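Worksheet for the structure shown next.
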Amino acid sequence: MSGNGLLLLGVAALAIYLGVHWERARRATSDLRLVRERVGTLRQVVVRERGHVAVVWAAAALALFLLVRYG
């Protein structure tokens, strides 16, 4: 095989390697967007659940206070 043939094979191998790497990077970027959206949704759920817990604690504290005060 001549030098030009080896050079062409090398360039083809490099193009394939870079193409695979580029595709992985593109997929990772799109996956990162989905993960960020999912994390944002989970954060909203956590905030909502913490709010519910705070309301339950406040109601329980008020009930306990009223029970001790007037019971």
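The values are calculated or read from the model by the stated rules, or taken from the named source; none is laboratory data. Bear in mind that the values here come from a model prediction, so they are computed numbers and not experimental data. As a convention, Cβ positions derive from the backbone with ideal geometry for all residues, glycine included, and neighbour counts pool all protein chains shown. These area figures cover heavy atoms from the full protein model, side chains too; ligands, DNA and RNA do not enter into them. Shrake-Rupley method; radii C 1.70, N 1.55, O 1.52, S 1.80 Å.
Quick notes on this one:
- From its DSSP helices (H runs of at least four residues, each -39,500 (n - 2.57)), the chain gives a residue-normalised ellipticity at 222 nm of -36500 deg cm²/dmol.
- Summing Cβ point charges (Lys, Arg +1; Asp, Glu -1) relative to the Cα centre of the chain gives a dipole of roughly 260 debye.
- Measuring only protein heavy atoms, the 1.4 Å probe finds H21 accessible over about 110 Å².
- Helix 3-70 vs. the chain, principal-axis angle (Cα, 0 to 90°, nearest 10): 0
- Here volume of the Cα convex hull per residue in Å³ was computed from the coordinates, and among (1) 97; (2) 61; (3) 83 the match is (2).
- Segment E37..V11, full-extension length gain: 5.5 nm, with 0.36 nm per residue of separation and the alpha-carbon distance subtracted.
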